[in-house]
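Quick notes on the structure that follows.
Derivation of every value follows stated rules applied to the coordinates shown; laboratory data play no part. Everything numeric in this text was worked out from a predicted model, so none of it was measured. Every residue, glycine among them, receives a Cβ derived from its backbone with ideal geometry; neighbour counts consider all protein chains shown.
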Amino acid sequence: MFKAMDFYIQAFQTLQRSPSSVWPESVLGKAPYKPILLLAVMDLIEEGTITTNCIRLTPTLTETFERYWQCVVPDRSYNIGMPFYHMHNEGFWHLIPKEEKSKVGIQNPSTAQIRKKTDGARLDQELYELLQENQSRDRLRTALVRSHFTSSVQAELHGVSNTTLRIYEYSRWLIEQSQKGERGKKMATRQVQIREAGFRRAIVDLYNHQCAFCNLRIQTPDEHTAVQAAHIIPWSEKQDDDLRNGLALCGVCHWTFDEGLLTLGDDYRILFSDHLHAPTHTIGALKDAEGRIINTPNPSELKPRPDTIQWHREHVFWDV
Ligand SMILES: [Zn+2]
């Protein structure tokens, strides 16, 4: 066991990273992809999102990767497909080919290519088991952070890891509260980022990344999703993070709803303000939405609370 630990600590410390002048001093002038991907994977193992030795390129993995990325190289764009693919050269990361016995060869690894050709990746079983234990996971995380980043960003990277876990805990907590039939309490003491991201993650998952009004569901190759989490009664009014005060809406529907040109009836049908029918408007996909019952989440008990949609009709909707 100890031998395995030392082996993987060394493997993490000696990850191959290409040097280039585009990378700042904080990442030692080398591409930071691989250590960031491993940090993100470790966070998802710790929070219990990755529960088997099969790592998939999910929106949550990309989101977690991006939080680390923003922390160290916010000015540069990234492609998570790069480290997901090239990590296989490190020996402990194995791509799972879609077709058995075939080898995965990808010229320009994009997320789309990874998903087309693989069923994800698995770690050496010994490494996967080490990552299940808090103590060994922390040692590996520390080894990564110390070897690949300067001390100026190390504390911040540990902070990102805490944020990831707290976002997850908050999103779980919100779901539990809803199941108990309790309202989300005021969370003024929590950091804004955790509160917003936790609410967003819970709502977007609940509605399966689909707009409740117009059915739009689009994700970019790197798993960014077109829907946003809308508060029905704005947070500024009642600080109500109950998931039943939320809706997953695309950008257009979110804006139209917040502006009060759309609202919901007690029967969950979409109501149009007369202003939406103005002859100068072109409302595109929304045209067919009037009178339709919205998509409700799974489980359906988490659909919007009647008092929230009533409040929206009374306070936001352009009734005349
Ligand atoms: Zn929409």
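In table form, for the structure just shown:
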read-out	value
FRET efficiency, ARG146 to TRP235 (Cβ-Cβ, R0 41 Å, nearest 0.05)	0.60
Distance cut-off 27 Å, percentage of C-alpha pairs in the chain lying past it	52
Efficiency of FRET between ASP258 and GLU156 - r from beta-carbon atoms, R0 35 angstrom, step 0.05	0.60
Highest average packing first - 133-145, 280-292, Cβ atoms within 10 Å	133-145, 280-292
Loop GluC sites (Glu not before Pro), segment 18-117 (other Cβ atoms within 10 Å of the site Cβ: 14 or fewer; DSSP)	GLU99, GLU100
Mean separation of Cα contacts under 8 Å, 6 or more apart, over the residue count of the chain: relative contact order %	15
The chain: angle of helix 2-13 to the longest principal axis, Cα-based, in degrees nearest 10	70
Förster-model FRET efficiency, 22 Å R0, ASP267 and GLU301, C-beta, rounded to 0.05	0.85
Cα centroid separation, segment 228-296 to segment 65-82 (Å)	33
